[in-house]
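Report on the structure given below.
The values are calculated or read from the model by the stated rules, or taken from the named source; none is laboratory data. Because the structure is predicted, anything quoted here is derived from the model rather than measured. Cβ placement follows ideal geometry from the backbone for every residue including glycine, while neighbour counts extend to all protein chains displayed.
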Amino acid sequence: MFRFRNGLKHMFRFLPFRRELHHQSLRQNEDFLLVTWDSCRFDAFLRARLPNLGQYGPPQRGWAMGTYTLPAHVAMFQGFLPHAFCGEPFYNRFRQQLWRIGHRRIHVKPLVTFPMGTQNVVAGFRDRGYFTAGVAAMDWFRDAQVLREGFEKFQVTGRCARKQNDLLISWLDRHSAGRDCFAFVNYGETHSPFEFEGQTTQPRCVTEQFDRTRLWNQPGVLKEPWTFDDQAFCQQVACAEYLDARTGELIDYFRRRGRPTTVVVCGDHGECFGENGLFGHAFYHEKVMEVPLLIFRLNAPPHDPPEPSEFCPDHER
Ligand SMILES: [Zn+2]
């Protein structure tokens, strides 16, 4: 009886959005997993050995929507993933947008469309009866309420990818058996000081260079000449290799769930390792904006090609 009532509850939450379903191409149940590797640069991702993610094709070079964690994730939760200038749906939102709030004058139906006025993508899934759960390493998720909105379960964990996986999986087992889910992980190992569980050594100069006090006192002006901090870069590469294993464990879990699942793995923004005299992020620089972007589907064939959208004047802002 409990399960039946729960089913009815989710069905009634879903009904008001039937009209919006007309404006999206997804026609069946689907789980979603969004994974961000904080501060991971595109070239660090390319340099790393990634036996798990490597199975899903080469990453695209994406351009971040923000220079630091807060705006980059706000943009993603509003449906704006990093943008890749390629012809692939979802990587290029002009080809087809993965998640979209509102249906305005666009040429193809997004995979998922939420009604205009929906708070964010997470709340949109929650309102459709999805279980929405997130775990995040970075303090921004504790300090900024906007990054937790829409989540039924959320925890700021600090940098500990293994613990994040365990927590998320335990929630999904408990609350999402037979129920659609939107799951989110922000891993922090690729963020300075580039440390991960079981790491053997951390060059002292990396710790010193990326110490917060030192970063906050950097002059913030472009300098010539400059030298690239290869040790710190290699340390981020090592963290990326560590996160490949953890992300692989999470993907295996979703495989075992057996449901069609769309997975997005990306950097939220990049990092400077001394280019033009700059270290860190939260300022505009090509290496801060350039991030890896990988999108694939589990337990089902790739999504159908984009289909034309019908212009609906009611939805014009
Ligand atoms: Zn970040």
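Out of everything in the range 133-151 that is away from the ligand (no atom under 14 Å from the Cβ) and in contact with a Phe, Trp or Tyr (Cβ under 6 Å, 6 or more places away or on another chain), what residue ends up being nearest to Phe182 (Cα to Cα)?
Taking the candidates together, the pick is Ala133.
If we scan the range 62-79, do we find a residue that is more than 16 Å from the ligand (Cβ to nearest atom), over 28 Å from Cys234 (Cβ atoms) and either outside any helix (DSSP H, G or I) or not small (Gly, Ala, Ser) (or both)?
Yes; the residues of the range 62-79 include at least one that is more than 16 Å from the ligand (Cβ to nearest atom), over 28 Å from Cys234 (Cβ atoms) and either outside any helix (DSSP H, G or I) or not small (Gly, Ala, Ser) (or both).
Residue pairs, Cβ under 6 Å, 6 or more apart or interchain, first in the range 28-46 and touching a residue at least 60 places away in the same chain (Cβ under 8 Å) and more than 16 Å from the ligand (Cβ to nearest atom), second part of a strand (DSSP E or B) and among the small types (Gly, Ala, Ser). List them.
Filtered contacts from the range 28-46: Leu33/Ala183.
Whether any residue in the range 200-216 is surrounded by 16 or more Cβ atoms within 10 Å (Cβ to Cβ), in contact with a Cys (Cβ under 9 Å, 6 or more places away or on another chain) and not aliphatic (A, V, I, L, M) is what I want to check.
No, the range 200-216 contains no residue that is surrounded by 16 or more Cβ atoms within 10 Å (Cβ to Cβ), in contact with a Cys (Cβ under 9 Å, 6 or more places away or on another chain) and not aliphatic (A, V, I, L, M).
Can you work out which of the residues in the range 47-58 that are within 23 Å of Cys160 (Cα to Cα) and among the small types (Gly, Ala, Ser) is nearest to the ligand (Cβ to nearest atom)?
Ala48
Restricting attention to the range 99-110, which residues are surrounded by 23 or more Cβ atoms within 10 Å (Cβ to Cβ) and part of a loop (DSSP other than H, G, I, E, B)?
His103, Pro110
Give, as residue ranges, the helices (runs of 4 or more DSSP H) completely inside the range 123-214 that count at least 3 residues that are modelled with pLDDT under 95 and of a type in the set (Asp, Glu).
none
Could we say that Ala300 is more than 16 Å from the ligand (Cβ to nearest atom), loosely packed, with under 14 Cβ neighbours inside 10 Å and small (Gly, Ala, Ser) here?
yes
Quick one: Val237 ticks every box in (1) away from the ligand (no atom under 16 Å from the Cβ); (2) on the phi < 0 side of the Ramachandran plot; (3) not in a helix (DSSP H, G or I) bar one, so which box is it?
The one condition Val237 does not meet is (3).
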